[in-house]
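Notes for the one structure printed next.
Please treat every number below as a calculation from the coordinates, not as lab data. As the structure is a prediction and not an experimental result, all values here were calculated from the model. With ideal geometry, Cβ positions are generated from the backbone for all residues, glycine too; neighbour counts draw on all protein chains shown.
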Amino acid sequence: MPILTILIVIIGVGVILWLINSFIPMHRTVKSILNAVVIIILVIWLLKVFGVLDTLQNVQI
């Protein structure tokens, strides 16, 4: 996947999260949970794009 696509996705998610945080009234804890969930999903997606999660599946405990 091209690096430009990855940057566009990261910037797009950031802008959407900023718009939600700025213009939709929510309780602070709900906002914090939403931010955490979006960041966790973005990090997991990035790990999958760079192939880190594929190598972790081969590790045996």
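So for the range 26-36 (the condition being free of Cβ contacts under 8 Å to residues at least 40 places away in the same chain, part of a loop (DSSP other than H, G, I, E, B) and surrounded by 10 or more Cβ atoms within 10 Å (Cβ to Cβ)), does at least one residue qualify? There is at least one residue in the range 26-36 that is free of Cβ contacts under 8 Å to residues at least 40 places away in the same chain, part of a loop (DSSP other than H, G, I, E, B) and surrounded by 10 or more Cβ atoms within 10 Å (Cβ to Cβ). For ILE10, state whether it is in contact with a Lys or Arg (Cβ under 9 Å, 6 or more places away or on another chain) and surrounded by 12 or more Cβ atoms within 10 Å (Cβ to Cβ). No, not satisfied. Kindly check whether there is at least one residue in the range 39-57 that is charged (D, E, K, R), surrounded by 10 or more Cβ atoms within 10 Å (Cβ to Cβ), more than 11 Å from the chain's Cα centre (by Cα) and part of a helix (DSSP H, G or I). Yes - at least one qualifying residue is present in the range 39-57.
Within the range 1-15, no residue satisfies the criterion of being within 14 Å of ASN35 (Cα to Cα) and of a type in the set (S, T, N, Q).
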